[in-house]
Amino acid sequence: MLAFDEIVLTTPLGWLKQNLDAFNPPLPPRLSKAIQSMGYGCLEKAGFPEINAQHQNSNLSQVYISFPKAFWLTPDAEGRTVKGFCQWLSPRYAPDSNSEAWTNEIVELASLDPSVAHPTLLFYTYGAESHHITSTLGTFTNEKEKEEFLYDFFRPYYSRLPSYDPESPDCKPVACFATDWLHDELAGNGSYTNFPVGLQEGDQDILAMRFGVPTEGIWLAGEHTAKFVALGTVTGAYWSGEEIGKRIARAYGRLKDEDNNNQGGSQGEEVHEEKGPEKGLEEEKMGVKEELDSKRKRDE
Ligand SMILES: Cc1cc2nc3c(=O)[nH]c(=O)nc-3n(C[C@H](O)[C@H](O)[C@H](O)COP(=O)(O)OP(=O)(O)OC[C@H]3O[C@@H](n4cnc5c(N)ncnc54)[C@H](O)[C@@H]3O)c2cc1C
C-alpha cells in the first residue's frame, strides 16, 4: 500500500457524490453534506421523475454537426445570416422528436478566427434532452445509425438557419460527433457543479469543499472548489489547484502570506475577502497551519 502525507484530490464532484464511501475514516459530516447538497450538471429532479438517481446528475452535452459549407453565413433573401450563437426557444415544430419542446442552442464555428474556423454547428443540450440523446445513441450498434439519428434529431433546427436548401449538397451534414459525459465515469457522469433549486447553504458548501480535511492531509481541488466567480470553469479548476499548492506550501512553512500577496496569484484579492466555512479566511489559514503542525507532532 502507498502512503502519502498530503493528497490533493481533483476527481469531479460527480465522482465524489458517488463515492463518499471511498474515504476511511469517513469525511467530516459538513463536508459530506456539502458534496451531497451541490448539484452536478442539470438537476431538474422534479421535472423528470423517470430519470434514475445516477441520471439526476444529467449533464450538459455537445453535438457537433459539420457541413461542406457554412451556408448560414450566406445572406438569405431577407439578408439574414447567423453568426456566433443562435437559440430555438421552446420549439413546437418537432413534436415527433422533441415533444417536450426542449430549447436548443448552437455556437456556429465558422465565424471563429480563420485559422480555426470550420463549417460546423455545435449544439449544446442539457437535462432531459441530454439524457434522451445519450441514452438513444447507446441503443445503436453502428455509427451510421448514430449519425442518422443525430441528423434527424437536429434537422428541425439547422434547417431553419438562413440559406438552408434541402436540395443543396452544401446543406447536407457530412460528419457529427456527440459527447457522452453522462456515461463517462471519469467525468463523474456529468458536466460541472451547479446550485440546485432548494439548496440551503451553497456558499458554505463550496467553502467546506474548498477547505478539505487538512488534518487528514486531504485537500480537494477542481472546478467545484474554485472561487465563486470561476466555479464550473477550467480557469477556476486551475486556480483551485494553485491555491491548494499555496496552502500546503504555507502549512509547511515554504510560503509566507507576503509571498502570496506579492505574487499577485491568479486568485487575486478575493482570497482575502472570502470567509471560511465558519471563520474568516485568515483564521482558516492559521487554523490549517496549526492543525498541520499538531498533526505532524502527533506523527513524529
Ligand atoms: C459542455 C461543456 C462546456 C463547457 N464549456 C466551458 C467553457 O467554455 N469554459 C470553461 O472554462 N469551462 C467550460 N466547461 C467546464 C470545464 O470543462 C470544467 O469546469 C473543467 O474541465 C473542470 O476541471 P476539473 O479539473 O475540475 O475536472 P476534470 O477536467 O473533469 O478533471 C477531473 C480528472 O479526474 C480524473 N478522474 C475521475 N475519476 C477518477 C478516479 N476515480 N481516479 C483517478 N482519476 C479520476 C478524470 O480522468 C479527469 O482527468 C464546460 C463543460 C462542459 C461539460
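The values are calculated or read from the model by the stated rules, or taken from the named source; none is laboratory data. Keep in mind that what you see is a predicted model, and the values were worked out from it rather than measured. Note that each Cβ is placed from the backbone with ideal geometry, even for glycine, and that neighbours are counted across all protein chains shown. Accessible surface is based on the protein model in full, side chains and every heavy atom, while ligands, DNA and RNA are left aside. Shrake-Rupley method; radii C 1.70, N 1.55, O 1.52, S 1.80 Å.
Given contacts defined as C-alpha pairs under 8 Å and at least six residues apart, what's the relative contact order of the range 60-183, whole-number percent?
RCO, the range 60-183: 42 percent.
Classify the range 60-183 as rounded, prolate or oblate, taking a ≥ b ≥ c as the square roots of the eigenvalues of its Cα gyration tensor: rounded when a/c is under 1.5, otherwise prolate if a/b is larger than b/c and oblate if not. Taking the square roots of the gyration eigenvalues as a ≥ b ≥ c, the range 60-183 is prolate. Under 5 Å from the amide H of Gly41 lie the amide H atoms of Ser191, Tyr192, Thr193, Asn194, each residue being 5 or more positions distant or on a separate chain, with H modelled from the backbone and absent for Pro and chain starts. In this structure the range 60-183 gives 52 Å² per residue of accessible area when probed at 1.4 Å with all protein chains present. In the range 60-183, a dipole from Cβ-located charges (positive for Lys and Arg, negative for Asp and Glu) runs towards its positive end, and of Leu122, Thr139, Phe154 it is Leu122 whose Cα lies farthest in that direction. For the residue pairs Lys83/Lys227; Lys17/Lys83; Lys33/Lys246; Lys227/Lys256; Lys33/Lys227, the C-alpha atoms sit more than 29 angstrom apart in Lys83/Lys227; Lys17/Lys83.
Note on the range 60-183: with neighbouring protein chains present and a 1.4 Å probe, carbon and sulfur make up 53 percent of its accessible heavy-atom surface.
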